Amino acid sequence: MSSFGPPITGFESARLRIAQLKLADARELAVAIERAVAISAQSLGVRRVGVFMLSENRRALDALHTVGAPVTEGQRLPLPLADWPAYAAAIDERRVIAADDALEDPRTRELADSYLVAHGITSMLDVPIFIGGELWGILCHEHQGPQRTWTEREIDFAISVADMISTLFEQASRLALEKELHVRDVTSTKQRKNAALVQLGAGVAHDFNTVLQTIMLLAETAARTGAADARESLDLIREECGRGSRIVRQLLDFARATPRSMVPVDLAAVVTSMRGSMDALVGEKVQLDVHASDAAVIEGDRAQLEQIVMNLVVNARDAMPNGGTMRVAVTEDAGEARLSVSDEGEGIAEDVRDHIFEPFFTTKGEEGGTGLGLATVAVIAEQHGGSVSVEPAPGGGTTISVHVPRRREGVV
Ligand SMILES: Nc1ncnc2c1ncn2[C@@H]1O[C@H](COP(=O)(O)OP(=O)(O)OP(=O)(O)O)[C@@H](O)[C@H]1O
Ligand SMILES: [Mg+2]
């Protein structure tokens, strides 16, 4: 570390300590979260801190990991929507609740009689925890004693702790999935390879995130020195962080390519509803033709199907730097729904075509491709019981199609 500039603050080193928590097995999750909660409690100087999970019907909070016993672990705290509508609404809106005066704050004063007064809580800092993009629970800091004013730095810190807790949960579920695949003694090489890749993606993303935290920390420290000639390096650092975080996002998308909810979805409707985003993505030089008028219902995960469309559309756009027409079509044949994206680019050379589904294979060196787009498409297609095919498009260019079996009536 550098020997100049102000020392690393308590928050920064706490962030690093949490970012460095790493699971080797899903069973280590509880201990890791307890440590994260304890570090947060210590850094913010709050004795009572807890991770609460929203119950399935969203009417209760289950206490999972606590320090200073906000409630006994495993206990259920009713979240009576009727009695605590403002608190429930704030949670639903996914906002941070930083209540300096918890007894008077409109979002938390409903809890006064049944909860706050009994425990001597005067100020609260509650941060939503998201898992897989869904609101999962809350990280609650319950301050006792004289009221306090939560500073922006404290709030930012609490948000980053909640983010890291959700990363831990996601890591654990990937590890559990991996183990399940092992237990089932999966023999297909392809599936084994995918399971390994899921783990690889998750691991690399986690480590990379730690690197980013370190770079950010150095940048923050340097920024505080205020030296004018440091600005150029700081800009570079920030740029690199931006690039790094894009890579992390793609890695995480890839590692998360595990269907969360398989429900009947109309692939044609998915594509039609993405028209706006596709237009924005392809830019002005490319003309976009979408043919998706007939319903094609499959069992699928909507968010992941959208990811397939996005990845194929971005590739087709990249294949036509000088413009052209891109055709996106959803059709259905007897047993399958087919999504195809065609471009008028140069096509794919044979020696490249053999590798395009391999993770991290990319020919887009300078523009910064990660090489995970098609690998993700292949994993998602496979998890939907389908496949991906590549063929030259009529008149030049490439057509990449995803084939997914149609939903059979009456079969759930
Ligand atoms: N429509 C296409 N036309 C020509 N080449 C393509 C097309 N789609 C994919 N490729 C080739 O396949 C490679 C891998 O594609 P993939 O989407 O996996 O990664 P990427 O686009 O390079 O990076 P990322 O999608 O992660 O940003 C590309 O680098 C490109 O060489
Ligand atoms: Mg791509």
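Key figures
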quantity	calculated
Set of aspartates and glutamates near LYS22 by C-alpha distance (under 17 Å), chain-local residues within fewer than 8 positions excluded	GLU34, ASP163, GLU170, GLU178, ASP207
Amide H within-cut-off set for ASP101, under 5 Å, with H built and near neighbours excluded	none
At R0 = 51 Å, FRET efficiency that the Cβ-Cβ distance of GLU134 and ASP351 yields, to 0.05	0.75
Residue exposure sequence - SER342, SER233, SER40 - by fewest surrounding Cβ within 10 Å	SER233, SER342, SER40
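Values in this text are rule-based calculations from the coordinates and carry no lab data. All values reported here derive from a predicted model rather than from experimental measurement. Reconstructed Cβ throughout: ideal geometry from the backbone, glycine too, with neighbour counts over all protein chains shown.
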